[in-house]
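Single-structure report; data block below.
The values are calculated or read from the model by the stated rules, or taken from the named source; none is laboratory data. Small disclaimer: the values here were computed from a predicted structure and weren't measured. Cβ coordinates were reconstructed from backbone atoms using ideal geometry, including for glycine residues, and neighbour counts include every protein chain displayed.
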Amino acid sequence: MQNQEEDETLHSVLSDIREEFFSDLNPEDIPNSDISDVSESEIVQEGEAMLKQMEQEVTIDSKIDMQKKQSESAIEKNHNFMKEFVKTYKEDSNEAKRNYYKSKLNFDVSDGAGKVKLHKLLYRYLEGLQWVLYYYYKGAPHWRWYYPYHYAPMISDLGAGIVDAFLGGKNTITEFKTDVHCNANPKPYTAFQQLLCIFPIKSLRVFLPPEYL
């Protein structure tokens, strides 16, 4: 008797659920105009395309995260180097500068070959200063010129005799040295190309479409 009552109660609950949540619409009653004409293969293709795009975005994010970590590591390394540099400079400025050039630019200013490389570095740095002045006051003298080092020289190495030592008595640099990485195309870079030159790595994912990453 108890089991029969439980069955009737369960049947009543299921009936209530069916009436409240289940549709009594017959699929055959749906007009053809309301039925999607997208084939199953098209749905599969669209799904695969979305999956591929998601995989590309994950790959891009992974690359950017790795580059950010490398950048943060390099910043920390440089910070530690500069703390040691300042400490050494207070005790022996020449030794501090020697360590700077050897660590950052891979040459030793205590030997002849290193002094030649230092002279070249100083001249190219002066070229950079002159290029910037031209850019803002007269227009870029050479759109493909670039400073070929990641680090600047110590400003004290320029000294007071830079005009005689590096410019041959001239007041300005009018001819800019180029190399194989600097073609002869005189046309300016586009605004997009200039933007790419100065973009921080962490901004790439935000502003650039995937095909440019």
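Structure above, values below:
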{"quantity": "Subset tally (residues that are surrounded by 14 or more Cβ atoms within 10 Å (Cβ to Cβ) and either hydrophobic (A, V, I, L, M, F, W, C) or in contact (Cβ under 8 Å) with a residue 40 or more places away in the chain (or both)) for segment 87-100", "calculated": "3"}
{"quantity": "Filter result (of a type in the set (S, T, N, Q) and in contact with a Ser or Thr (Cβ under 8 Å, 6 or more places away or on another chain)) within segment 74-102", "calculated": "Ser93, Asn99"}
{"quantity": "Qualifying position, being under 30 Å from Pro188 (Cβ atoms), among the small types (Gly, Ala, Ser) and loosely packed, with under 11 Cβ neighbours inside 10 Å, among Gly139, Gly128, Gly161", "calculated": "Gly139"}
{"quantity": "Selection status of Ser156, in contact (Cβ under 8 Å) with a residue 60 or more places away in the chain and either surrounded by 12 or more Cβ atoms within 10 Å (Cβ to Cβ) or not aliphatic (A, V, I, L, M) (or both)", "calculated": "yes"}
{"quantity": "Residue within segment 64-86 that is among the aliphatic types (A, V, I, L, M), farther than 30 Å from Ala152 by Cβ and at pLDDT below 80 present", "calculated": "no"}
{"quantity": "Test: residue in segment 106-119 that is outside any helix (DSSP H, G or I), in contact (Cβ under 8 Å) with a residue 24 or more places away in the chain and not hydroxyl-bearing (Ser, Thr, Tyr)", "calculated": "no"}
{"quantity": "Per-region count, segment 167-213, residues over 26 Å from the mean Cα position of the chain (by Cα) and at pLDDT below 70", "calculated": "2"}
